[in-house]
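For reference, the structure discussed in these notes is given below.
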Amino acid sequence: MNSKIDFKYDEHLLSTVRGLLDIFDGTQNIYFGDLYLTNKRLYIVSNKLLNLEKSFWFEGERREFEHSTFIVGEHRITVRWAYSGNLVSFINAFSKMNVKT
């Protein structure tokens, strides 16, 4: 989740999640990537298998939440499996531990 995203004027990041994302907008597509929530949109970045960057803007669209599915207008984004956290930081902290076995 270290991707650099270009924020628009007065847009700021609220939260992120990385995982398997099922997107339905007439056809069903499944991606592994990052889902960013800003005050203006849901933004998906996936660079596994196929590069994808897609924004779902809230302006003028309905916003709903149903279980693990985010609905923006006619688009449905379901998070099937997700994790969060900083794995690099965890590995660095673990490797610095002075534990004798």
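We did not get these values from a lab; they are worked out from the coordinates using the rules stated. Not measured: the values here are computed from a predicted model. Neighbour counts run over all protein chains shown; Cβ positions are idealised from the backbone, glycine included.
Give the calculated FRET efficiency between residue 80 and residue 59 to the nearest 0.05, with a Förster radius of 30 Å applied to their Cβ-Cβ distance. Walk me through the numbers on the way to the answer.
Numbers: r = 27 Å, r/R0 = 0.91.
The computed FRET efficiency comes out at 0.65.
Given H placed on each backbone N at 1.01 Å, which residues far from residue 58 in sequence or on other chains put an amide H within less than 5 Å of it?
The list, which skips near neighbours in sequence, is 41, 42.
Report the local net charge at residue 36: Lys and Arg +1, Asp and Glu -1, summed over other residues whose C-beta lies under 14 Å from its C-beta. Working shown, then result.
Details: positive: 4, 8, 18, 40, 41, 54; negative: 6, 11, 34, 53.
Net charge around residue 36: +2.
Spin-label point model (7 Å from Cα, Cβ direction): what's the residue 52 to residue 4 distance in nm?
In this crude spin-label approximation the distance works out to 2.4 nm.
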